[in-house]
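The values are calculated or read from the model by the stated rules, or taken from the named source; none is laboratory data. Everything quoted here is computed from the prediction, not taken from an experiment. Using ideal geometry, Cβ is built from the backbone for each residue, glycine included, and neighbour counts are taken over all protein chains shown.
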């Protein structure tokens with residue numbers, strides 16, 4: 001790939017207990033690829049997690065912290081000077097709260113704009129590039145400018161550097177699965193993780209053990225620590241894990257929210273059961289099921305611990321189904337997405353800016 005030199009990428013993404021860490025983490029993947037291509041990265045964020053901010057610092061990224069995110073006026077008042085100080089920079093927006101007005105403001109400063117999206121929920125998009133890495137992306141209809149380029153589908157999945165080293169790893173499928181990974185996103189304010197822990201206690205599989213990963217923004221740490229200590233099966237709780245590829249590779253089965261974590265599990269061929277925690281995850285869970293690359297458990301708020309336990313037990317004991325899911329999963333996500341996105345941005349950078357924008 002050609003080098004970016006000192007080209008700047010400014011990323012505007014947040015993380016919190018309410019919105020989770022998915023937007024932030026996939027932007028981290030893009031930032032890593034941008035840096036590896038020789039560019040500089042600046043994050044503008046209202047993220048207050050010391051663990052996530054430490055990741056940015058260790059990567060050498062610039063950080064501008066915001067106290068109150070958009071639509072609070074303080075967001076743009078603090079972000080604008082950063083953008084003005086970096087003429088010609090690419091700007092990446094990732095978050096449902098960044099509307100068409102925010103996009104127009106960025107474009108009005110003369111920047112090229114990448115919007116990372118999941119739902120085509122805005123009336124209009126003014127971005128130079130719109131990226132939707134989901135399975136259902138090509139079924140959506142985007143109202144956008146004539147110059148806008150759409151990058152749609154799992155060909156463009158943004159995976160962090162640590163996952164790319166595992167894309168050719170070979171998974172072994174045991175006759176009976178016993179090692180379960182639970183990961184329901186960076187926030188989980190409703191504490192559906194506790195429901196999964198309660199379900200695992202009802203699973204009757206000899207030698208069952210579980211690893212429960214919670215994000216830096218999870219507000220239920222004390223409750224979950226108590227639950228894992230009291231659990232009759234071996235269970236460890238990990239907060240803000242830095243070794244997710246190893247944890248996913250070491251699991252026979254994963255129970256995950258149907259967010260961006262799904263793509264990480266697919267590239268490792270981990271047989272996955274997806275829970276829907278938010279509206280934007282529904283289509284992902286349904287298509288994971290339809291394509292045979294995982295199972296959908298439906299809405300986390302609706303499924304009981306008993307029903308969840310039955311579904312987990314069936315998958316743990318079904319060798320053929322797990323083997324099929326694992327094989328299919330690795331055909332959906334090939335690990336090349338972040339490179340494709342970076343190359344597209346780089347090619348676009350060479351094109352002259354349309355003065356009509």
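Things worth noting here:
- Taking the criterion of being under 17 Å from residue 343 (Cβ atoms) and assigned to a strand (DSSP E or B), the residues of region 120-153 that qualify are 129, 130, 131, 149, 150, 151, 152.
- Some residue of region 240-252 being assigned to a strand (DSSP E or B), touching a helix residue (DSSP H, G or I) at 6+ places or on another chain (Cβ under 7 Å) and under 20 Å from residue 165 (Cβ atoms): no
One line per residue, one yes/no per condition, for (1) out of contact with any strand residue (DSSP E or B) (no Cβ under 8 Å at 6 or more places or on another chain); (2) in contact (Cβ under 8 Å) with a residue 12 or more places away in the chain; (3) more than 30 Å from residue 16 (Cα to Cα):
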residue: 169; (1), (2), (3): yes, yes, yes
residue: 172; (1), (2), (3): yes, no, yes
residue: 183; (1), (2), (3): no, yes, no
residue: 186; (1), (2), (3): no, yes, no
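- Those helices (runs of 4 or more DSSP H) lying entirely in region 1-119 with at least 3 residues in contact (Cβ under 8 Å) with a residue 24 or more places away in the chain and under 23 Å from residue 151 (Cα atoms): 22-36, 100-108
- For region 273-287, the tally of residues that are in contact with a helix residue (DSSP H, G or I) (Cβ under 7 Å, 6 or more places away or on another chain) and either over 21 Å from residue 325 (Cα atoms) or at pLDDT 95 or above (or both) stands at 5.
- Extreme residue, farthest from residue 316 (Cα to Cα), among residues of region 278-288 that are surrounded by fewer than 24 Cβ atoms within 10 Å (Cβ to Cβ) and over 13 Å from the mean Cα position of the chain (by Cα): 279
- Residues considered: 298, 335. Of these, the only one that is surrounded by fewer than 22 Cβ atoms within 10 Å (Cβ to Cβ) and within 15 Å of residue 195 (Cα to Cα) is 298.
- Positions within region 135-151 being touching a helix residue (DSSP H, G or I) at 6+ places or on another chain (Cβ under 6 Å) and crowded, with 19+ Cβ neighbours inside 10 Å, in sequence order: 135
- Selection count where residues are in a loop (DSSP other than H, G, I, E, B) and surrounded by fewer than 17 Cβ atoms within 10 Å (Cβ to Cβ), scope region 154-170: 5
- Cβ separations smaller than 7 Å between residues 6+ apart or across chains give the following pairs from region 216-241 residues that are more than 14 Å from residue 183 (Cα to Cα) to residues that are surrounded by fewer than 17 Cβ atoms within 10 Å (Cβ to Cβ) and at pLDDT below 95: 219/189.
- Residues that are surrounded by fewer than 20 Cβ atoms within 10 Å (Cβ to Cβ) and at pLDDT below 95 were ranked within region 194-221; the one that is nearest to the chain's Cα centre (by Cα) is 219.
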